[in-house]
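Derivation of every value follows stated rules applied to the coordinates shown; laboratory data play no part. Being a predicted model, the structure only gives us computed values, none of them experimental. All Cβ positions, even for glycine, are placed from backbone atoms using ideal geometry, and neighbour counts span all protein chains on display.
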Amino acid sequence: MADATAAAPVSAQRLWPVWLVLLAAAGTFALTMGTRQSMGLFLGPLNTATGLGLGSISLAFAFGQLWWGITQPFAGAMADRLGAGRVLLLGACLVAAGTILTPLMTSTLGLIFAVGVLAAGGAGMAGPAVLMATTARMIPESKRGLATGIVNAGGSFGQFVMAPIAGALIAGLGWVSAMQAMGLIVLLCLPAAWVLRGAPAAAGTATAPKLATGAAVRQALGDRSFRLLAAGFFVCGFHVAFLGTHLPGIVAACGLPLQYSAWALAVLGLFNIVGSIAIGWAVGRWRMKSLLSLLYATRGIAVLLFLLAPKTGPVVLLFAAVMGVTFLSTVPPTAGLVAKFFGVGHMATLFGVVMLTHQVGGFLGAWLGGQVFQATGSFDIVWMIDIALAAGAALLHLPITEAPVVRKPATAG
């Protein structure tokens, strides 16, 4: 049944050439993800301007990580029911509004509202749950693995491009105007909402039994492999948010100038392009759970070697490159497993649930990093936690059963 559900919507929703669908989805992810991942460059200026302390500002950014995840199951359900266009349009506008308003906020609650609710919530609506599911429904099944890798690489390309742009804007315009300019740049993705507007997930699936959204979520949560996948993605969120938020601070703690912070973020994004496309290609050739175990193990080893190495500029950039290869490369096989388990009929909703666990980890990574550094003057404790979590995630994926889940009879709910 899952296979029928997965295959049916493609012909009904593929209104555009595959390359244009991928360009629209990858471009949207590039602008929203690139802007969010560049915000770490503004932590220092925000702290100086507001005097709130790194712990309070990290709380706002950490709440943003959590809210980004909370919005995705609901945004996915909206896209499954109404089509993706309206959801993406609203999401892009909220990212722009939140980013533009952030420099005007002088309290922790104000920063939580601008950074955490508006910008992060908008990025969640125009984020991977909606983009991956919409792309999967608009292209042939045989191309989905590589396609999700390309869309995911869009977010990395955005980070590669937007971090140096943000650094240059800060140097040329000052941090306030730079942040507001970044908000306006996000609006360049608005035309993509028209390309990706698609149709509701129910379109073209009349031959498959209709499972209500609530029932689909309950069935997924009752599946052991889905729960293991979500637990592993929690660890991914911890890694990504900790590095995305605190990498500039980590570089500064190494005694290196600001330029290395911007270029470390850029290298992280550049090498994730390579990793995302490579893993998208590999998804169709090897077991996805094995690829995920390999990625998490690589992260843990890379962090351990970084802690033992001298903290020079080349070492920092090499570390950023290695972490970049694995940074968001977990997304294509994770999305692929969700589609393999349950088909694409409720994929935006179910991948949104997995993204929520990712962002719970993201909240802890961003928040704990600030708290530990403020208390101890270093990130060493967080690095130790990071290594332990990476080892745990590598082991968690091994028992996953990589096969379609047999659906129970449809029930109301």
| task | Return one number: the angle in degrees, 0 to 90 and rounded to the nearest 10, between the long axis of the Cα atoms of helix 224-253 and the longest principal axis of the Cα atoms of the chain. | result | 20
| request: Pairs of Cα atoms under 8 Å, at least six residues apart: use those to get the relative contact order of the chain, whole percent. | output: 30
| task | Only one of the values (1) 61, 40, 35; (2) 60, 43, 41; (3) 69, 59, 42 was calculated from this structure for Cα extents along the principal axes in Å; name its label. | result | (1)
| message | Run the count for the chain, please: Lys pairs, Cα-Cα under 24 angstrom, 8 or more apart or on different chains. | response | 6
| Ascending count of other beta-carbon atoms within 10 Å, so fewest first, for TRP67, TRP175 | TRP175, TRP67
| said: Students often check this: by mean Cβ neighbours within 10 Å, which of 312-318, 384-390 ranks highest, and how do the rest follow? | reply: 384-390, 312-318
| message | Test of the criteria: in segment 13-89, which trypsin sites (Lys or Arg not before Pro) are in a DSSP loop and have at most 11 other Cβ atoms within 10 angstrom of their Cβ? | response | none
| query | Expressed as an acute angle from 0 to 90° and rounded to the nearest 10, what is the orientation of the C-alpha long axis of helix 54-82 relative to the principal long axis of the chain? | reply | 20
| At what distance in angstrom do the alpha carbon centres of segment 45-115 and segment 116-132 lie from each other? | 9
| Do the sum for the chain: with -39,500 (n - 2.57) for every DSSP H run of n ≥ 4, divided by all residues, what is the mean residue ellipticity at 222 nm, to the nearest 500 deg cm²/dmol? | -25000 deg cm²/dmol
| note | Charge tally for neighbours of SER293 with beta carbon under 14 Å away, counting Lys, Arg as +1 and Asp, Glu as -1, is +2
| Residue-wise, which Karplus ³J(HN,Hα) couplings in Hz belong to segment 258-270, taking 6.51 cos²θ - 1.76 cosθ + 1.60, θ = phi - 60°, and x for glycine or proline? | 4, 4, 5, 5, 5, 6, 5, 4, 5, 5, 3, x, 4
| Estimated FRET transfer efficiency when R0 is 35 angstrom, pair ALA171-GLU402 (beta carbons, to 0.05) | 0.15
| message | Using only Cα atoms and rounding to the nearest 10 degrees, what angle (0 to 90) does helix 380-396 make with the longest principal axis of the chain? | response | 20
| task | List the pair-distance distribution P(r) of segment 66-222, using every Cα-Cα distance, as the percent of pairs falling in each 5 Å bin from 0 up to the bin containing the longest distance, rounded to whole percents. | result | 2, 9, 14, 19, 19, 14, 10, 6, 4, 2, 1, 0
| said: Using Cβ contacts closer than 10 Å as the measure, can you line up SER225, SER329 from fewest to most? | reply: SER225, SER329
